[in-house]
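Each remark here refers to the structure printed beneath this line.
The values are calculated or read from the model by the stated rules, or taken from the named source; none is laboratory data. Note that this is a predicted model, so its numbers are computed, not measured. As a convention, Cβ positions derive from the backbone with ideal geometry for all residues, glycine included, and neighbour counts pool all protein chains shown. Areas reflect the complete protein model, heavy atoms only, side chains present, ligands, DNA and RNA absent. Shrake-Rupley method; radii C 1.70, N 1.55, O 1.52, S 1.80 Å.
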Amino acid sequence: MNDIRQLAQYSPSGIEEKWYGAWEKAGLFSPDESLKADPFVITLPPPNVTGILHMGHCLGNSIQDTLIRWARMKGHPTLWVPGTDHASIATEQVVSRQMAAAGTPKREAGREVFLEKAWEWKEETHGRITQQIRRLGCSLDWSREAFTMDEQRNRAVVEAFVRLKDAGLIYRDVYLVNWCPHDLTAISDDEVEHKEVEGHLWHLRYPLAEGEGHVTVATTRPETMFGDVAVAVHPEDPERKHLIGQLVKLPLTDRVIPIIGDHHADPEKGTGFVKITPAHDPNDFEVGRRHGLDQVICMTPAAVMNEAAGQFCGLDTAACRKATVEAMDQAGLLAKVEKHMHQVGHHDRCGHVIEPYLSKQWFLKMDELAAPAVEAVNSGDITLFPDRWVGVYHNWMSNIRDWCISRQLWWGHRIPVWYCQDCPAEIAAAETPTRCPACGSAQLVQDDDVLDTWFSSWLWTFSPLGWPDKTPDLATYHPTTVMVTAADIIFFWVARMVMASYHFLGEKPFQEVLFTGIVRDEDGRKMSKSLGNSPDPIDLIDEYGADALRCSLIMLTPTGQDIFFSEATLEVGRNFCNKIFQASKLVLGIWDEAGLPQVVGEATAPRTLDLATVAGTDRWETAPAASLTDLWQGVFGGKLPVQVTDADLGLEDRWILSRLSQVVSDVGQNMDKRRLNDAAYDVFNFFRHEFCDWYLEAIKPRLRDEQTQGVALAVAVLNLGISYKLLHPVMPFITEELWNWLPCTSGYLMTSSYPTSSGPAPFTNDHRLFEEVKEIVGVVRNVRNELAVPPGKRGTAILRVPDQARLDQLTPCIGLVALLAKMEEVQVVVGGADPSPAGAGLAGNIEIFLPMKGLVDLDKERARLEKELGKIEGWMKGCRAKLGNAKFVDNAPEQVVQQQKDLLAENEDKAVKLRERLDALQD
RNA sequence: GGGCGAAUAGUUCAGUUGGCUAGAGCGCCUGCUUUACACGCAGGAAGUCGCAGGUUCGAGUCCUGCUUCGCCCACCA
């Protein structure tokens, strides 16, 4: 038999691929449209097709798949749409570099050849990236996969552009844009990254045209002086305003420029005189417009000086800067040089310094689009988790500026505008026009530029569903449910998606946004492809398994907090996988040995599973066998294949069933609150520290006894089954595999019910009693360990209780205590003599003695008891002070006061007993 | 210049409406190869909750100020 149960340790190899293929083949990734509940929809933030997945993607994708699988099991028609992004600049850079390396730079090869290469590259990397996503286990509906530049998405982009153009929201203007001299394209404000750099502030003298004297301007970029068209002073500057209207000679040129008055000049800053360079500085651009000044461009798009720079023509900006300063110095016009720290914009893609550059670009008017987007978040129509991002969102929206959407690139959506060569007409059209509508000319030339990548991304909640066509998908699955993304693209993307959806569809794009943290390396740096500090997820999956990776990421990542990733954290997930496997192996092995059936009937389990409804809360107490039978049927569909009577359910059975019910309820609440880490921890702790550590240990003797094994097995299998269900969204592969091994299961776990609990947990009293057993066992173990009793030495434990009622209650538990504490015998007594010499401890009001003639080191025991007593007395002092404070007693809620009183009484009792023990040891 | 986040055990982090005798994973110490698991089990040590004030019967939690680290936004005189 090819049975993974024969493995010594869990190994995911083979299992993960097997199930992914099976799920996909069975069509489980597509929404089940027969379900009546509201659809649950996510569009995957499309990874850049040029990239590979990094840990940030793994986190985001794990969170999304967890939500998706959870919703699917809960019975929602569930759709997660995959896709990739063409990543205009990033791809263009990669392909250009490859072509240059191959000896045919892109500009030599031309647009057609370049695009051919780019598509080839895209096909290649696309396969790699989707493979990575599959390995992670993401249950995406691949039949609906989209690419931002595929035919349908291209239609969406063109349609969006044309509609906005027709609505007058898109305009073309000569404007000072952020220009990358390296990539030779305009970029948007959001793509500029400000970095603090140490530069210089050069004080330059510009001689007055008439008479003696000069004005001194300060600049960080002396090379731009060849674009100067004026010098500004503040109009009310008492020391300098008299110069307004005079002319100065622009050094190193033969030009003469005026001194003008403008508020932009700050008398307190620099020298009080500002050189005005409208073509190369955003502020100066505004000043220039106000004063109707010329715009003198002194450099080329590649940041090389042009004819305006006279003798320096042909130098790049850095060389020109040096030469200009030297020339000014020689001319005696360099007044001063200061070191100067300042913020300089860099291109976030290539790192080159951005030049403000005057060029003709397409812009999108934003303020009109922003209004409904602001309102949606204000009104709570769209919620952001964590909500601190609301402020960031509004701040950006209220300072919004027009979006420069054209890029001087080739890889992207070509701007759907044609220029008539015979008249000034501009034609924006979804279909390539053949004739100019104004003059009838056939001489039409399409705009050379492409659109910003984000111009396709901002349509991403609806373009993958078929917009602009009125498709059934669009009608059924939009608005989407949740958008999961890192907060670093809140402006680039999230905010713009909200605008696009309201503008084009008149509805929100999603109900909520879940911002993930950023995954950082151990030095705190953001993991990214460019830094090369992210491990390849495939390597990690090969070594630890996708389940382990997902489990570790989800458990260790509180909503929206950045995480420091190190490989060691993956061991948590891997070890947990093994734990689940081992516990299952134990139970299933005994099930087999017992000869119990693997399959019972053909019954199919119901699609929903509410523990409180199926088994009842009160009925558990009065008719536990019936409840257990019904719960089995609710989980597995078929009939419980073991005989069970009410009396067969032991204390540990009732306790674990109570805990199970509580955990189901806790997990549900945490999932609802999007606290995925807490939800995962709930199941983790339950499974490892309650089910394995206590329940399985407690039932081991029953499992080996043919008379009693049936019910213990049934309860254990139920716990396994429900645990797999709770764990499946986080760890899909191992749970599906083990579900398949479980007796009596049919169908896929992935599309089985998700347990909920609409009522309180049953067995309140049994739960309390078992917790007491745990405490007693803990005390015995502690005493044994601290007194270094050899493990082989079993002996007797005496539990001294205050009255007959407690004796009656605890007597049935002595077997459990003996088993779990590894004692030979456990006795319960009321009063009676001190069994000294003995090690002793307290569990509530129960005194616990381990009589050990000659074995106990009296000094050690005394020290131990004194330490314990000291702790209790210290606490009681504080507690008495609190209760002695009238204000506390008067003001605090009665419940809190009572709780303090109870605790004090309990501890006082403990202290008395500890002192008695100490006295007894004096002899 | 404006804003946000973080600061809790050696370390990475939980701690949700103030009620805490502050928890977990990893690491550390002790013991255990107990026929599911050493990727394990049992036990243990370990914290002035960044600092200073304040509100409150009560503060890790709320308020004010400060320090350190990180991030975002902002027109490069």
- Note on the structure: Here the gain from full extension of A:V912 to A:V390, 0.36 nm per residue of separation minus their alpha-carbon distance, amounts to 182.2 nm
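Which of the trypsin sites (Lys or Arg not before Pro) across the range A:257-329 are loop residues per DSSP, with 14 or fewer other Cβ within 10 Å? Please list the in-between numbers first.
On the way: sites: A:K269, A:K275, A:R289, A:R290, A:R321, A:K322; in loops: A:K269.
In loop regions of the range A:257-329 (DSSP not H, G, I, E or B), the sparsely surrounded trypsin sites (Lys or Arg not before Pro) are A:K269.
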- Message: Quick check: Cα centre of the range A:87-111 to Cα centre of the range A:1-68, how many Å?
- Response: 35 Å
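What's the FRET efficiency of A:H352 with A:Q446 using the Cβ-Cβ distance as r and R₀ = 30 Å, to the nearest 0.05? Please list the in-between numbers first.
Numbers: r = 29 Å, r/R0 = 0.95.
The calculated FRET efficiency here is 0.55.
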- Percent carbon-and-sulfur accessible area, the range A:855-895, ignoring ligands, DNA and RNA, probe 1.4 Å: 51 percent
- Using the alpha-carbon atoms, what tilt in degrees (0 to 90, nearest 10) does helix A:55-73 show relative to the longest principal axis of chain A? 60 degrees
- Message: Quick check: convex hull over the Cα atoms of the range A:375-425, volume per residue in Å³, rounded to an integer?
- Response: 174 Å³
- Along Cα→Cβ, 7 Å out, is where each label goes; now give me the distance between the ones at A:K360 and A:E196 in nm to one decimal. 4.2 nm
- Query: Under the rule of -39500 (n - 2.57) per DSSP H run of 4 or more residues, summed and divided by the residues of chain A, what mean residue ellipticity at 222 nm is obtained, to the nearest 500 deg cm²/dmol?
  - Reply: -13500 deg cm²/dmol
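How much length, in nm to one decimal, is gained on full extension between A:R255 and A:A327, taken as 0.36 nm per residue of separation minus their Cα-Cα distance?
On the way: separation 72, 0.36 × 72 = 25.92 nm, distance 1.65 nm.
Length gained between A:R255 and A:A327: 24.3 nm.
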- Task: Compute the FRET efficiency between A:N378 and A:R163 as 1/(1 + (r/R0)^6), taking r as their Cβ-Cβ distance and R0 = 22 Å, and round to the nearest 0.05.
- Result: 0.25
- Query: How much length is gained if the chain between A:T604 and A:E368 is pulled fully straight, taking 0.36 nm per residue apart and subtracting their Cα-Cα distance, in nm to one decimal?
  - Reply: 79.5 nm
- Query: Can you give me the relative contact order of the range A:453-576 as a percent, contacts being Cα pairs under 8 Å and 6 or more apart?
  - Reply: 22 percent
- Residues of the range A:537-552 with amide N under 16 Å of the 7 Å Cα→Cβ point at A:C692: A:547-549, A:551-552
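Return a whole-number percent for the relative contact order of chain A, with Cα pairs under 8 Å and 6 or more residues apart as the contact set.
Working: 1614 pairs, mean separation 107.1, N = 923.
About 12 percent, as a whole number.
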- Task: Hand me the GluC sites (Glu not before Pro) from the range A:651-740 located in a DSSP loop with no more than 11 other Cβ atoms within 10 Å, in residue order please.
- Result: A:E706
- Query: For the modelled label position 7 Å from the Cα of A:A625 along Cα-to-Cβ, which residues of the range A:638-660 have backbone nitrogen atoms closer than 15 Å?
  - Reply: A:640-650
- Query: Hey, which lysines would be in cross-link range of A:K887, C-alpha to C-alpha under 24 Å, not counting anything within fewer than 8 residues on its own chain?
  - Reply: A:K877, A:K901
- Item | Per residue, in Å², the accessible surface of chain A once ligands and nucleic acids are set aside, probe 1.4 Å | 42 Å²
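For the range A:307-350, what does the alpha-carbon gyration tensor say about shape, rounded, prolate or oblate, given a ≥ b ≥ c as the root eigenvalues, a/c under 1.5 as rounded, and a/b over b/c as prolate?
Numbers: a/c = 3.63, a/b = 1.30, b/c = 2.80.
Judged from the Cα gyration tensor, the range A:307-350 comes out oblate (a/c at least 1.5, b/c at or above a/b).
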- Name the chymotrypsin sites (Phe, Trp or Tyr not before Pro) in the range A:451-508 that are in a loop by DSSP and that have at most 10 other C-beta atoms within 10 Å, would you? none
- Task: Please determine, in degrees from 0 to 90 and to the nearest 10, the orientation of helix A:88-101 with respect to the longest principal axis defined by the Cα atoms of chain A, where the helix direction is its Cα long axis.
- Result: 70 degrees
- With all protein chains present, the range A:566-714 has a carbon and sulfur share of its accessible area (1.4 Å probe) in percent of 46 percent
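Can you give the convex hull volume per residue for the Cα atoms of chain A, as a whole number of Å³? Working shown, then result.
On the way: hull volume 231.0 nm³, N = 923.
So the per-residue hull volume is 250 Å³.
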- Task: Distance between Cα centroids, the range A:876-899 to the range A:277-306: provide it in whole Å.
- Result: 74 Å
- Note on the structure: the range A:155-178 scanned against label point 7 Å out from A:C423 along Cα→C-beta; backbone N under 15 Å for none
- Message: Using only the Cα atoms of the range A:19-136, what are the Rg and Dmax in Å?
- Response: 18.5, 60
- Within the set of other residues whose C-beta is less than 13 Å from the C-beta of A:A840, count the net charge using Lys and Arg as +1 and Asp and Glu as -1. +1
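Expressed as a rounded percentage, what relative contact order does the range A:744-895 have, with Cα pairs under 8 Å and six or more residues apart?
Values: 144 pairs, mean separation 33.6, N = 152.
Relative contact order for the range A:744-895 comes out at 22 percent.
What ranking, highest mean first, results for peptides A:861-872, A:70-81 when packing means the other Cβ atoms within 10 Å averaged over each residue? Let's see the in-between values first.
Numbers: A:861-872: 15.3, A:70-81: 23.3.
Per-residue mean Cβ counts within 10 Å order the peptides as A:70-81, A:861-872.
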- Spacing of the two label points (7 Å from each Cα toward its C-beta) at A:A833 and A:N891, in nm: 5.5 nm
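Could you tell me the calculated FRET efficiency between A:A438 and A:A568, based on Cβ-Cβ distance and R0 = 51 angstrom, to the nearest 0.05?
On the way: r = 69 Å, r/R0 = 1.34.
Result of the calculation: an efficiency of 0.15.
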- Query: Roughly what angle does helix A:151-166 make with the longest principal axis of chain A, taking Cα atoms, 0 to 90 degrees, to the nearest 10?
  - Reply: 50 degrees
- Message: Give me the net charge for the shell around A:E159: Cβ to Cβ below 15 angstrom, other residues only, Lys and Arg +1, Asp and Glu -1.
- Response: +1
- Leaving ligands, DNA and RNA out of it, report the carbon-plus-sulfur percent of the accessible area of the range A:86-144 at a 1.4 Å probe. 51 percent
- Item | Projected label distance in nm at A:E120 and A:Q707, using a 7 Å step from Cα toward the beta-carbon | 7.9 nm
- Task: Starting from the Cα gyration tensor of the range A:742-868, take the square roots of the eigenvalues, sort them a ≥ b ≥ c, and report rounded, prolate or oblate (rounded when a/c is under 1.5, otherwise prolate if a/b is larger than b/c, else oblate).
- Result: prolate
- Note on the structure: Amide H contacts under 5 Å for A:T383, restricted to residues at least 5 apart in sequence or on another chain and with H modeled in the peptide plane, are A:E512, A:V513
- Note on the structure: A student applying the Cα gyration tensor rule (rounded when a/c is under 1.5; otherwise prolate if a/b is larger than b/c, oblate if not) would label the range A:218-372 oblate
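Find out how many positive minus negative residues lie around A:L358, taking Lys and Arg as positive, Asp and Glu as negative, among other residues whose Cβ is under 12 Å from that of A:L358.
Values: positive: A:R289, A:K360; negative: A:D173, A:D281, A:D284, A:D294, A:E355.
My count for the surroundings of A:L358 gives -3.
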